[in-house]
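The values are calculated or read from the model by the stated rules, or taken from the named source; none is laboratory data. Treat the numbers as computed from the prediction; the structure is a model and nothing was measured. Here Cβ is always computed from backbone atoms with ideal geometry, including for glycine, and neighbour counts include all displayed protein chains. These accessible areas exclude ligands, DNA and RNA; they are computed on the full protein's heavy atoms, side chains included. Shrake-Rupley method; radii C 1.70, N 1.55, O 1.52, S 1.80 Å.
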Amino acid sequence: MSAARDGFWGHSPDAPLDLGDLAAFEAESIVGRLADRTMPALADTLARAGNCSHPVRLAGRSTTIDRYTGEILSVFRSADEPLGLLYKPCGNRRDEVCPACSRIYARDTFELISTGLYGGKGVPESVSANPLLFVTLTAPSFGAVHRARKGKRPCRPRARIGACEHGVRLSCWAHHDDGDPVIGSPLCPECHDVDSAAVWQWHAPELWRRFTIALRRHVATTLGVRESELRKHARLEYAKVAEFQARGLVHFHALVRIDGSDGPGSPAPIPASRLTDVVRESAASAYTTAPPVDGRDVERVLRFGAQTDVRIVREGGVVGDQITAEQVAAYLAKYSTKSAGVDPTRPLPHHARLIDACQRLAARALAGCPFECGQRVADRHPRLCGVCVENPYALLGKWSRMLGFRGHFSTKSRRYSVTLGALRRARRRYQRIATNPRLAAAAKLDTRELEIQLMADDEETTLVVGAWTYQGTGWPRAGDKVLADAAAARAREYARWRAENRNAPTAHH
Ligand SMILES: [Zn+2]
Ligand SMILES: [Zn+2]
Ligand SMILES: [Zn+2]
Ligand SMILES: [Zn+2]
C-alpha cells in the first residue's frame, strides 16, 4: 500500500489504476475500448454499477408513477444508458465473488449491528444501556485435528499417546503458522468421524434455533416466571453470523442482548453477569436429534462443542473492557462476507472429504429409490421423486459445496435493529431522490428527517412499473471486469486511507 502521508495516491486524475498482470486478451479489449471511444461510456457504467464484478445485464424500461395522482414522475430506458443496457450490481455477499458488492453487504451488516448497539434509524438510543454479550458457539470435536496455537506452543504435544489402530501417532509437535493448509485437517483421517461432522453441519441451523429456545426458557426460570409470560418481563434479541473454521465446520458468533418488556431501550430485568450464566447453561443443554441416514446408520444427538465463549460487551451502559461494541460490529461485518474458503475446483483434502461425505450420505439416504434419485444428489437443483423429497437428507448433496451448511450467514431476531431489506430500500429511495432533480430540490431536508423518510416502513408513495428482459451476466468485454475490480480496489484503499487518517479511533479489521 502506498498511501502518501499528505494525500491519497489515488486522488490524482493521472494516477493510473493498478491493473495487475493483464492477459493479452484483456489488454486487447481495453485498447479496443479506447480505439472505439466507448471508454467514457464504460467508465460511467462502472460507476453506476458500483464497480460490480458480474453485473446482471437487463434491457427494457421502467416508469415511476405517483401512487395517488397517477402522474408519471420519470421514465427510465436502458437504451438511453451509456452502453445501451442496464447493468445491475450482482449483490453477492461473498468477497471472492464480487469485492464491490460484498463491501456494500458488509457495510449494511455493520450498520444493522451497530444500530442494535447504539440505536438510530428508528431504534431508540437508550438501547445502548441494555446488557449485551458476545457469544461464540463452536462445533464439537469429531477427532483430533492440527491447529495453530498462540505463543510457541506445539500443535498436539501428547507424549504419552501412542499410535491409533491405523498406526498413526496421535500427537504433533509442529508449530503451524496461520494459513498453513494442514491446520484443521485430522491427525488420522480414519479415526476422524467425517460422517458425523457432515450430519452436525447439516443440522447446525436447527441446533442454533434450539439454543435460542433454551435461552428463553432459562431466562424465564431465572426470573421465576412462566415461559409464556416472558414477554411481559424481558425480550431477547440477537444478531449472529456463521463463520467457517479451518476444519470446515461453522462457528456461530452472536451478539445477545436483553431488553425490557417494551423492547429495545427499555430497562432489562437482569444484568449482563446473570445473562452470561444463562447463556452458558443454554449452550450446554441445547441439543437436537438427527435421524439415521439409512438402516445401517445410527441416530445422533447433536450438541455444541464444550468451548462456549461468552464475553460481556456491556454490563448495561458501561462498555466492558475486554472488547468494545464497535470492534464486535466490525468483526461480525467482516465475517459476513467470508465463505468456506473452499475452491470447489481445488478444495483442501479435508474439505474434499467433507464434500464427499455430504454427497455419499445423501446418496445412501436415497439409495432405495426406484427412480434413482440417489444418483442426482450432487445436482444444483436435483429433481427428486415425491418420496425422496421428504427425506431429511435429500438436499445434503446439493449443499455439499458449502460443506453441508445450508443456514444463513448472518441473521438476527426481528427486533434486534433494522433489517438489511430496510437498508436496501433506503438506498433505493435515496438514489431515486438523488437522480431526480425535482425530487432532490424538494428533499432539502435536514439529515435526520431525511433518514426518517428513507427508513420509513410505510408503503411507498411511488409505483415503479417495468418490463425487463435478462440479457446475461457479466461485463461484455474481458477488460471491463479488470477495470471494475481495479476501481473497486481503489475505492477500498481510499476508504481505508480515510479511516486511518481520521483522528477518531476507528474499528479494527
Ligand atoms: Zn457485484
Ligand atoms: Zn499439527
Ligand atoms: Zn486412526
Ligand atoms: Zn426418489
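What is the sum of charges, Lys and Arg at +1 and Asp and Glu at -1, for the other residues whose Cβ falls under 15 Å from the Cβ of residue 170? Residues close to residue 170 contribute a combined charge of +2. With both labels modelled 7 Å from their Cα along Cα-to-Cβ, the residue 22 to residue 229 distance reads 7.3 nm. Students often forget the sequence filter, so: which lysines lie under 30 Å Cα-Cα from residue 240 once same-chain residues fewer than 8 apart are removed? Counting by Cα, and skipping residues close in sequence, residue 240 has these lysines nearby: 88, 121, 150, 232, 334, 338, 398, 412. Put a plus charge on the Cβ of each Lys and Arg, a minus charge on the Cβ of each Asp and Glu, and nothing anywhere else: the dipole of the chain about its Cα centre is then about 680 debye. As a fraction of the 1.4 Å probe accessible area of the chain, surface on carbon and sulfur atoms comes out at 52 percent.
Students sometimes get this wrong: rank 211, 244 by accessible area, probe 1.4 Å, all chains present, largest first.
Greatest to least solvent exposure: 244, 211.
Here the contact order of the chain, divided by its residue count and restricted to Cα pairs under 8 Å and six or more residues apart, works out to 23 percent. Between residue 390 and residue 97, the contour length at 0.36 nm per residue exceeds the alpha carbon distance by 102.2 nm. Using only the C-alpha atoms, the convex hull of the chain corresponds to 228 Å³ per residue. Per residue, the accessible area of the stretch 192-239 comes to 43 Å² when a 1.4 Å probe rolls over the protein heavy atoms. Among the cysteines of the chain, those whose beta-carbon sits 4.7 Å or more from every other cysteine beta-carbon are 52, 90, 164, 358, 385.
Against the chain, whose longest principal axis is taken from its Cα atoms, helix 194-223 shows a tilt of about 90°.
So what is the 222 nm mean residue ellipticity for the chain from helices alone, if each DSSP H run of at least 4 adds -39500 (n - 2.57) and you divide by all residues, rounding to the nearest 500 deg cm²/dmol?
That comes out to -11000 deg cm²/dmol.
Relative contact order for the stretch 143-192: 45 percent, from Cα pairs under 8 Å spaced at least 6 residues apart, divided by residue count. Looking at the stretch 66-169, the chymotrypsin sites (Phe, Trp or Tyr not before Pro) that sit in a DSSP loop and have at most 15 other Cβ atoms within 10 Å of their own Cβ are 68.
Residue 150: net charge of surrounding residues, Cβ under 13 Å, Lys/Arg +1, Asp/Glu -1, itself excluded?
Net charge around residue 150: +2.
Among 51, 251, 306, which residue has its Cα positioned farthest towards the positive end of the charge dipole of the chain, with +1 placed on the Cβ of Lys and Arg, -1 on the Cβ of Asp and Glu, and the dipole taken about the Cα centre? Positive-most Cα among the choices belongs to 306. For the stretch 143-192, taking the reciprocal of the average inverse distance between every pair of different Cα atoms yields a Kirkwood hydrodynamic radius of 11.2 Å. Between the helical axis of 325-335 and the longest alpha-carbon principal axis of the chain there is an angle of about 90 degrees. Look at the dipole of the chain built from charges on Cβ: of 20, 286, 31, the Cα furthest out on the positive end belongs to 286. Using the Cβ of residue 486 as centre and a radius below 13 Å, the other residues enclosed give a net charge of -3, where K and R count +1 and D and E count -1.
With respect to the chain, whose longest principal axis is taken over its alpha-carbon atoms, helix 349-365 is tilted by about 80°.
For the stretch 89-96, backbone phi angles converted through the Karplus equation (6.51, -1.76, 1.60; θ = phi - 60°) give residue-by-residue couplings of x, 5, x, 5, 6, 8, 4, 7 Hz, Gly and Pro being listed as x.
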